[in-house]
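The structure under discussion appears below in the form of structure tokens.
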Amino acid sequence: MIEIRPVQRQDLAVICKHRRSMFEEMGWSTAKLDAAMATFAEWLAPRLDDDSYYGFLAEEQGADVGGIGLMALEFPPHPIHPESSQRGYILNLFVDPGCRGKGVAKRLMQAGEAEFKKRGIHYAVLHASRMGRPVYERMGWVISPEMAKVLS
């Protein structure tokens, strides 16, 4: 049976492992991942401490098999969410390959959405991989017109 529980400070290494695995599956090179993961762990630790990064882990028989990260981002009130100056941001959703197809990602997403509502956040965004997009679409998420650019 898979249990869902809130992340804790001591889950830093598990969250980093899931994030790395997620990016590996997207085809990122080892060199880029090595550089990013060192700074990610440094970035994440204080955010776990002050609860600005929160989320959930999925466990099966005591082993971590998936997770989801959540953050509240400051954003000016918008016609989509005029009542709030925050947007929920979902990141680091990952489920171990051996546990896929069991509804773990759906349960993690449901826990994340419920947590946002509990914190008064009623609009959320995420960046979907090609593999993750169908999961999100089945849950009512829609593609938005966001664009991005790396500024060098």
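Structure values in brief
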| item | result |
| --- | --- |
| Residue identified as in a helix (DSSP H, G or I), modelled with pLDDT under 95 and among the hydrophobic types (A, V, I, L, M, F, W, C) among Ala45, Ala35, Ala13 | Ala35 |
| Conditions (1) under 19 Å from Phe40 (Cα atoms); (2) surrounded by 11 or more Cβ atoms within 10 Å (Cβ to Cβ); number of the one not met by Val150 | (2) |
| Any pair with Cβ under 9 angstrom, 6 or more apart, that starts in region 21-48 at a residue that is within 14 Å of Arg9 (Cβ to Cβ) and ends at one that is among the β-branched types (Val, Ile, Thr) and surrounded by 11 or more Cβ atoms within 10 Å (Cβ to Cβ) | Ala41/Ile15; Leu44/Ile15; Leu48/Val7; Leu48/Ile15 |
| Residue match in region 80-98 (condition: surrounded by 19 or more Cβ atoms within 10 Å (Cβ to Cβ), of a type in the set (Val, Ile, Thr) and touching a Leu at 6+ places or on another chain (Cβ under 7 Å)) | yes |
| Qualifying positions in region 119-142 - touching a helix residue (DSSP H, G or I) at 6+ places or on another chain (Cβ under 8 Å) and assigned to a loop (DSSP other than H, G, I, E, B) | His122, Ala128, Ser129, Met131, Gly132, Met139 |
| Region 127-152 - residue that is within 19 Å of Gly27 (Cα to Cα) and aliphatic (A, V, I, L, M) and, of those, nearest to the chain's Cα centre (by Cα) | Ala128 |
| Residues of region 59-118 that turn out to be within 17 Å of the chain's Cα centre (by Cα), outside any strand (DSSP E or B) and at positive phi, as a count | 1 |
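The values are calculated or read from the model by the stated rules, or taken from the named source; none is laboratory data. The shown structure was predicted, so the numbers you read here are calculated from the model rather than taken from an experiment. Quick reminder, even Gly has a Cβ in these numbers, built from the backbone with ideal geometry, and neighbours come from all protein chains shown.
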